[in-house]
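The values are calculated or read from the model by the stated rules, or taken from the named source; none is laboratory data. If you're wondering where the values come from, they're calculated on a predicted model, not measured in any experiment. Counting neighbours? That spans all protein chains shown, and the Cβs are built from the backbone with ideal geometry, glycine included.
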Amino acid sequence: MRSVLVLGGTAEARELAAALDREPATRVVSTLAGRVARPRLPAGEVRIGGFGGPDGLRTYLRDEQIGTVVDATHPFAERMSASAHSACERAGVPLLRLERPPFAQTAGDDWRRVASLDEAARLIAPTGRRVFLTTGRQGLAAFADVDAFFLVRCVDPPQPPLPRDHELLLSRGPFALDDELELIDRHRLDVLVTKDSGGEHTRAKLDAARTRRMPVIVVARPPRPSGPAVATVGEALAWLRRHGGG
Ligand code: NAP
């Protein structure tokens, strides 16, 4: 019996857990941070809540006799990835990073790339007046003092401080192009702000922005810890067959 720990919170993590759960002699445990009120639960065992930093994760790996870890967290879940890297290295447990490719820019896109939410906030005034803000509910304080209207879309209600002039849209996706176009038109939005999360579930907003010739401020991914990485669930399963004791 092999035990695989999947650090989750993404669609890819759920797909991987479902595939591993179907494999013989495999125990799969998925973990979630516990931030979302009603998370989509993966197949197999699920553990909700943090480990208490790298030391806590290292203890967990030992106590649960985890043979391999797949860090399938969101590209912006920087602390969890750093913690996994440190804990696995010290525990001698193989770690694979599963990370979807960034969004691909195509002809007609007007993208302005920035390194942080703060930089995105500074770029709004010279770019637009009515903002479609889709960076998630964390870090919205960066936009609190920006003089513009914000349509803030996220999964769960964010904590203040929020932009002074805003409307909140709680929605999880996936989103369709026609619905994104309708939102842009109804709210007369003229700039989109997004993280470079990648993936198909939230891609439609970028296609809608291109269709409406709307500029997009794209927040770059944070740097990753070193180590083996794959971009698809299929590649992760192949890697686990080679390295995961199964
Ligand atoms: P983060 O800043 O990297 O993590 C903060 C702390 O939360 C971690 O140190 C860890 O606590 C705990 N944690 C995070 N992910 C966990 C997981 N999968 N399992 C168990 N504990 C976890 O992460 P975040 O940006 O807040 O994201 C939290 C979760 O939401 C992640 O699972 C991520 O995949 C998902 N998500 C994030 C974004 C985003 O934009 N950041 C978007 C969509 C989904 P301990 O130190 O106590 O272990």
- Query: Considering region 21-31 alone, what residues qualify as being within 13 Å of the ligand (Cβ to nearest atom) and either closer than 11 Å to Ala72 by Cβ or surrounded by fewer than 18 Cβ atoms within 10 Å (Cβ to Cβ) (or both)?
  - Reply: Ser30, Thr31
- For region 155-176, indicate whether the set of residues that are modelled with pLDDT of 95 or more and in contact with a Gly (Cβ under 9 Å, 6 or more places away or on another chain) is non-empty. yes
- Message: Give me the residue from region 75-93 that is in a loop (DSSP other than H, G, I, E, B) and either under 15 Å from Val6 (Cα atoms) or charged (D, E, K, R) (or both) and, out of that set, nearest to the ligand (Cβ to nearest atom).
- Response: Ala77
- Would you pick out the residues in region 53-74 that are near the ligand (Cβ under 9 Å from one of its atoms) and either at pLDDT below 95 or hydrophobic (A, V, I, L, M, F, W, C) (or both)? Leu57, Ala72
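Only one of these is touching a residue at least 40 places away in the same chain (Cβ under 8 Å) and under 26 Å from Arg22 (Cα atoms): Asp71, Asp63. Name it. Walk me through how you get there before you give the answer.
Numbers: Asp63 fails: touching a residue at least 40 places away in the same chain (Cβ under 8 Å).
Exactly one of Asp71, Asp63 is touching a residue at least 40 places away in the same chain (Cβ under 8 Å) and under 26 Å from Arg22 (Cα atoms), namely Asp71.
Yes/no per residue for (1) surrounded by fewer than 19 Cβ atoms within 10 Å (Cβ to Cβ); (2) of a type in the set (Val, Ile, Thr); (3) over 18 Å from the mean Cα position of the chain (by Cα):
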{"residue": "Arg47", "(1), (2), (3)": "yes, no, yes"}
{"residue": "Phe51", "(1), (2), (3)": "no, no, yes"}
{"residue": "His74", "(1), (2), (3)": "no, no, no"}
{"residue": "Arg79", "(1), (2), (3)": "yes, no, no"}
{"residue": "Arg100", "(1), (2), (3)": "no, no, no"}
{"residue": "Ala104", "(1), (2), (3)": "yes, no, no"}
{"residue": "Ala107", "(1), (2), (3)": "yes, no, yes"}
{"residue": "Trp111", "(1), (2), (3)": "yes, no, yes"}
- Task: State all residues of region 94-152 that are in a loop (DSSP other than H, G, I, E, B), under 27 Å from Ala11 (Cβ atoms) and among the hydrophobic types (A, V, I, L, M, F, W, C); if no residue qualifies, say none.
- Result: Phe103, Ala104, Ala115
- Query: What's the number of the condition Ala18 fails, among (1) within 11 Å of the ligand (Cβ to nearest atom); (2) out of contact with any Leu (no Cβ under 9 Å at 6 or more places or on another chain)?
  - Reply: (1)
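Condition (residue is free of Cβ contacts under 8 Å to residues at least 12 places away in the same chain and either of a type in the set (Gly, Ala, Ser) or under 21 Å from Gly9 (Cα atoms) (or both)) applied to region 214-224: is it met by at least one residue? Walk me through it before giving the result.
The first filter runs over region 214-224 and keeps only residues free of Cβ contacts under 8 Å to residues at least 12 places away in the same chain, leaving 223.
Then keep just the ones that are either of a type in the set (Gly, Ala, Ser) or under 21 Å from Gly9 (Cα atoms) (or both); that gives 223.
The answer is yes, given that some residue of region 214-224 is free of Cβ contacts under 8 Å to residues at least 12 places away in the same chain and either of a type in the set (Gly, Ala, Ser) or under 21 Å from Gly9 (Cα atoms) (or both).
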